[in-house]
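K.L.:
Quick one: the structure is below, and I'll ask about it shortly.
Each reported figure results from applying straightforward, stated rules to the coordinates on display, with no laboratory input. Keep in mind that what you see is a predicted model, and the values were worked out from it rather than measured. Glycine also receives a Cβ, built like all others from the backbone with ideal geometry; neighbour counts cover every protein chain displayed.
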Amino acid sequence: MGCCFSDVRGGQEAVGGTQQRPIGGVGVGGGGGNNGGHNDAVDLFFRARGQHALFSQIELSLSASKLRDRDIMSKSDPMAVVYLRKGDGMLEELGRTEVILNSLDPAWIEKISLAYHFETVQHLVFHVYDVDTKYHKVPVKTLKLKDQEFLGEASCVLSEIVTKQSRSLTLSLHNKNLQVGVRNLGTLTVRAEESVASRTAVEIIFRCSQLGNKDMFSKSDPFLRISRVVESGGSLPICKTEVINNNLNPSWRPLCLSMQQFGSKENPLVIECFDFDTSGNHALIGKLQKSMADLEKLHKGRNGANFTLPSSHHGHEKVLKSQLFVDQFCEKQQHSFLDYISSGFELSFMVAVDFTASNGNPRNPDSLHYIDPSGRYNSYQQAIMEVGEVIQFYDSDRRFTAWGFGGRTYDGTVSHCFNLNGSPDGYEVEGVEGIMAAYAGALHNVSMAGPTLFGQVINRAAQIAGKSLSYNHSKYYVLLIITDGVLTDEQETVDALVRASDLPLSILIVGVGGADFTQMEKLDADHGIRLESSTGRIATRDIVQFVPMREVHRGGISAAQALLEELPGQFLTYMRARDIKPRNPTPP
Amino acid sequence: MANARNRSLEVTIISGEDLRINGRPIKNNAFVTVKAESRCSPSSHESTKPDARGDSYPYWDEKLHVELPAGSPYVVVEAHRRSSSAGDKLVGMAWIPVSDFVGDYTPENHLHFLSYRLRDAKGLRNGIINISVRVVTSSHKGASSCSSPLPPPVLESRMPVDREKHGGTVTGVPVWFPNQWKS
């Protein structure tokens, strides 16, 4: 069934350095559109080493007003502490502000940094304390909070702050026990700012001269691999160029690297030039170490930097004649995902639930659709909650589309796209609770049937996404398909996916139960093989992400979260390719 | 009927993938022609410049204008290779249904990014072509079923990038990104 030959052409493509073209990928024009710099292999590589490759760094600024006065002779001396509430309820301190003397309306200067993770719901808890006079000269970090006067607590979710246009939220302070009727404790205002690094990107054109010849009967087939030096001493690859065949003086297509990838302009980067070999054993032609700032200097001075090769003698490096040139170095600001979101762009959530007979009778505790009276979620409910809970903050009206497929509805016919709420004309429900209620209701009214077909659901979603383009370009649709089984008509699904591939739509598929999902993995075209319809049309971009629910992910994230991680990248690729900018943007 | 109008299309030929002749990847000088398939007398066709540098994965990023008469069901895209010794050889063609970019729920002037499988003269699969299509103007169909010959469309193509200035490389700026280099 599988091919014995590895995907040589796929292996020759550029990875990691985004190009804002929707199709033709990066470098040598191959492979399904580079997904905003995302590549599953690269991401897994980083995560396995405890690093998240792409995320936004956020800084929180706090201020408060009308704080309670605890001191007798003067006003309170307030300080704020910020925590992250973890899954088990424990609070993890993220940072604290400085102490401001004698004020009930403090505006703290010290900011608290944290990473914004789109795929999780980040619960923030704020505590405000009045710091006693005897601790005023002591570094804030060493203060024992139980010795201080507690002034009030507030909490919110990070997404609530970053999705607002003002990027700030004002919360009422309350007691830890949330007692009703306690007098006013004042308010706390939290402002979130994305660090400049989130928006900075550099577009570089590399060229080499006089590369060594590693091939026997022809010239080398060179490509560059760029790695970032990390504190532990090693280096992590961040991107590679495409392979240029048979050329000792190659010039590669432009590489676009975001500051999140290379760290900072001073961070040393290792640039290695290899000769591509189909066996995977690429011969090192030469390497050098330069920071982005060094590369900028090379560009300005139109100078070349010499490659070196580690020598077998005495650990010295041999300096080669081969040189690296930077023909273009362009630093630019790109709008980040949060720039779009806070300017009014929205994610519209749609969910489709599998009602085929293979799930089993819902009344049977073995069924994938069994609703446990103890309240424990089944796989379907879990997937709906995990994805819905995150996305709901990005949809202002919280009206979600909910469908079922493969079930026999009230009129006795099997439908491959019916409204989950049982209504004949409205497919929308309110909030994630609305989806859960419609799902539970449908289990009573719809009988399991079959076969497993996605085509209709995908076509309907595509229709909605396409129609929305007549009104605005600021809605991006996310369709979550939860299924237990193997597709009956793969070509029908592929045809629907290809037709939908040029629309503002991403499709997340979660596989529940123990079936063999190999076929689903083919739809998730991460190997560079673009989906082809029966009419000869090829998918414009890879809009499908698939994950089996039972798959364990490193770093403690769930399967659904793994799906969500890709979304900001897919959203940005779509918007940037069409030069759609955030509304009324502040200059980046 | 969606196709009851005469339309002007702006077709950007972006790139090609894995183009071969007789099973071997082509070396260079691939170019593409576009025309509307019409029942009437042959409509004029537009072509890109040959990509001298790119091998079997050529890159053009060239905008061409195509007049699409009412009732025309397909836009035909052909990839060829120009060789001074052997003349032009057909690499493959793709027949693009007009319904892929007209009347598919998207607004009339929406920019569509499309890709198609090329098939050679024997009908065998031969690479992929990546294009974008946008309907620029449309006017209602005239009385006759076959539109009268339109004035020859202006051949519009971009000037190739000066190799010396940019160090021998295409800068890869997509045509629809006019503000790419603003810092």
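K.L.:
Taking the Cα centre of the stretch B:3-139 as origin, work out the dipole magnitude from +1 charges on Lys and Arg Cβ and -1 charges on Asp and Glu Cβ, in debye rounded to 20. Kindly include the intermediate steps, with their values, before the conclusion.
P.N.:
Numbers: 18 positive and 16 negative charges, 95 e Å.
In debye, rounded to 20, the stretch B:3-139 gives about 460.
K.L.:
Based on the Cβ-Cβ distance of A:Lys522 and A:Leu91, what FRET efficiency does E = 1/(1 + (r/R0)^6) give at R0 = 25 Å, to the nearest 0.05? Intermediate results must be reported in sequence, preceding the final value.
P.N.:
Working: r = 44 Å, r/R0 = 1.76.
The computed FRET efficiency comes out at 0.05.
K.L.:
Let me ask something else. What percent does the relative contact order of chain A come to when contacts are Cα pairs within less than 8 Å and at least six residues apart?
P.N.:
On the way: 1310 pairs, mean separation 77.6, N = 588.
In percent, rounded to a whole number, it is 13.
K.L.:
How big is the dipole moment of chain A about its Cα centre under a simple scheme where the beta carbon of each Lys and Arg is +1, that of each Asp and Glu is -1, and everything else is neutral? Debye, nearest 20, please. Kindly include the intermediate steps, with their values, before the conclusion.
P.N.:
Values: 58 positive and 67 negative charges, 335 e Å.
The dipole of chain A has a size of about 1620 debye.
K.L.:
Past 31 Å, Cα to Cα, is the threshold; run A:Lys300/A:Lys321; A:Lys214/A:Lys522; A:Lys522/B:Lys63; A:Lys66/A:Lys111; A:Lys297/A:Lys318 against it and keep the listed order. Please list the in-between numbers first.
P.N.:
Numbers: A:Lys300/A:Lys321 21 Å; A:Lys214/A:Lys522 36 Å; A:Lys522/B:Lys63 34 Å; A:Lys66/A:Lys111 21 Å; A:Lys297/A:Lys318 23 Å.
Too far apart for the 31 Å limit: A:Lys214/A:Lys522; A:Lys522/B:Lys63.
K.L.:
Once both labels are modelled 7 Å past Cα along the beta-carbon direction, what's the B:Ser85-A:Ala293 spacing in nm?
P.N.:
Calculated label separation equals 5.5 nm.
K.L.:
Okay, moving on. Describe numerically, in nm with one decimal, the distance between label points set 7 Å from Cα along Cα→Cβ at A:Asp215 and at A:Asn184.
P.N.:
The two pseudo-label positions are separated by 7.8 nm.
K.L.:
Further question on the same structure: Mind running the shape call on chain A? Use the C-alpha gyration tensor, a ≥ b ≥ c as the square roots of the eigenvalues: rounded below 1.5 for a/c, prolate if a/b tops b/c, oblate otherwise. Kindly include the intermediate steps, with their values, before the conclusion.
P.N.:
Details: a/c = 2.13, a/b = 1.08, b/c = 1.97.
Taking the square roots of the gyration eigenvalues as a ≥ b ≥ c, chain A is oblate.
K.L.:
Sorted by mean Cβ packing within 10 Å, highest first, what order do the peptides B:114-124, A:534-544, A:312-322 take?
P.N.:
Working: B:114-124: 17.6, A:534-544: 22.1, A:312-322: 11.5.
The most tightly packed comes first, giving A:534-544, B:114-124, A:312-322.
K.L.:
Moving to a separate point now. Taking 0.36 nm per intervening residue step and subtracting the Cα-Cα distance, what contour gain separates A:Asp69 from A:Ala440 on full extension? It would help to have the intermediate numbers written out before the result.
P.N.:
Values: separation 371, 0.36 × 371 = 133.56 nm, distance 5.06 nm.
Taking 0.36 nm per residue and subtracting the Cα distance, the gain is 128.5 nm.
K.L.:
Oh, and also: If you take the charge dipole of the stretch B:3-139 about its Cα centre, with +1 on Lys and Arg Cβ and -1 on Asp and Glu Cβ, which of B:Ser56, B:His110, B:Thr33 is farthest toward its positive end?
P.N.:
B:Ser56
K.L.:
Local charge sum around A:Asn459 (other residues, Cβ-Cβ under 10 Å, Lys/Arg +1, Asp/Glu -1)?
P.N.:
0
K.L.:
Continuing with this model, one more query. On a straight-distance basis, which lysines could pair with B:Lys122 in a cross-link, Cα separation under 22 angstrom, same-chain partners fewer than 8 positions away excluded?
P.N.:
In chain and number order, the partners are B:Lys27, B:Lys35, B:Lys89.
K.L.:
Let me ask something else. Which entries in the list A:Lys265/A:Lys290; A:Lys86/A:Lys164; A:Lys75/A:Lys144 go over 18 Å, if you measure between the two C-alpha atoms of each? Please report the intermediate quantities before stating the final value.
P.N.:
Numbers: A:Lys265/A:Lys290 10 Å; A:Lys86/A:Lys164 24 Å; A:Lys75/A:Lys144 21 Å.
Exceeds cut-off: A:Lys86/A:Lys164; A:Lys75/A:Lys144.
K.L.:
At 7 Å along Cα-to-Cβ for each site, give me the label-to-label distance between A:His314 and A:Leu469 in nm.
P.N.:
6.6 nm
K.L.:
Kindly rank A:350-363, B:18-31 from highest to lowest mean number of other beta carbons found within 10 Å of each residue. Intermediate values should be presented prior to the final figure.
P.N.:
Details: A:350-363: 21.6, B:18-31: 16.7.
With the highest mean Cβ count within 10 Å placed first, the list reads A:350-363, B:18-31.
K.L.:
Might you report the magnitude of the Cβ-based charge dipole of the stretch B:95-141 about its Cα centre, with Lys and Arg at +1 and Asp and Glu at -1, to the nearest 20 debye?
P.N.:
On the way: 6 positive and 4 negative charges, 51 e Å.
About 240 debye.
K.L.:
For the stretch B:3-139, build the convex hull from the C-alpha positions and give me its volume per residue in Å³. Don't skip to the answer; put the middle values down first.
P.N.:
Numbers: hull volume 14.2 nm³, N = 137.
Enclosed volume per residue, from the Cα hull, is 104 Å³.
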